[in-house]
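Rule-based calculations on the coordinates, nothing more; no lab input. Predicted model only: the values in this text are computed from it and were never measured. Cβ atoms come from the backbone with ideal geometry, glycine included; neighbour counts cover every protein chain shown.
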């Protein structure tokens with residue numbers, strides 16, 4: 001696999017940058033770097049997911065493919081009485097997400113390096129969030145959906161953002177085969193937010 005954000009150990013040279021983003025009413029400061037997804041600023045799809053997701057205050061949340069942390073850290077801000085686990089295969093992203101949690105003084109999080117959900121496969125969550133790594137291929141993306149179903153509590157929800165031209169129809173069909181209910185919770189600029197409930 002070529003060296004891009006889905007690589008476990010990006011070979012690209014470092015290019016650390018600091019960005020500021022206001023998400024769900026809170027302003028965050030994030031460090032980003034070369035070799036991680038959306039290094040110049042939080043991408044539109046992630047922002048749409050962040051704006052749409054419904055996170056109970058006491059939820060146990062998992063962010064799959066967390067990158068440098070915008071989705072998971074916003075979830076931790078919303079689930080102030082709960083906890084958030086953030087996973088990514090990319091060790092550089094994991095290090096950045098940990099640093100960004102500290103810098104933003106968010107303590108109800110842990111960040112793990114993991115191929116898909118491997119590191120948390122024995123755990124159960126109320127809510128799983130993902131902006132899946134499309135460039136890793138359909139097998140990986142659909143594998144994340146399958147593993148997410150197994151890691152959800154009964155009645156738990158998977159929230160997915162995916163671009164229509166990058167496989168939203170096939171993703172929707174796959175999700176419908178796995179979950180009791182799949183709804184399009186939001187859409188904008190070719191992106192779709194799918195809300196999937198486990199029975």
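Remark: spin-label model distance residue 40-residue 197 equals 4.1 nm, labels positioned 7 Å along the Cα→Cβ axis.
Sorting the segments 129-142, 57-70, 17-30 by their mean number of nearby beta carbons within 10 angstrom, highest to lowest, gives 57-70, 129-142, 17-30. If r is the Cβ-Cβ distance from residue 103 to residue 173 and R0 is 35 Å, what FRET efficiency results, to the nearest 0.05? That pair, residue 103 with residue 173, gives E of 0.30.
Using the Cα gyration tensor of segment 55-123, with a ≥ b ≥ c the square roots of its eigenvalues, what is the shape: rounded (a/c below 1.5), prolate (a/b larger than b/c) or oblate (neither)? Oblate, since a/c reaches 1.5 and b/c is not below a/b. Computed extension length for residue 81-residue 27: 17.5 nm, one decimal, from 0.36 nm per residue of separation with the Cα-Cα distance subtracted. If the chain linking residue 121 and residue 58 were pulled fully straight, counting 0.36 nm for each residue of separation and taking away their Cα-Cα distance, it would gain 20.6 nm. A straight chain from residue 166 to residue 138 at 0.36 nm per residue would run longer than the Cα-Cα distance by 9.1 nm. Based on Cα contacts under 8 Å between residues 6+ apart, segment 126-199 shows a relative contact order of 34 percent. Which percentage, to the nearest 5, of the DSSP beta bridges contained in the chain is antiparallel? The antiparallel proportion sits near 50 percent.
Over segment 60-99, with a single point scatterer placed on each C-alpha, what log10 of the ratio I(q)/I(0) does the Debye formula yield at q = 0.28 1/Å? The Cα Debye sum returns log10 ratios of -0.87.
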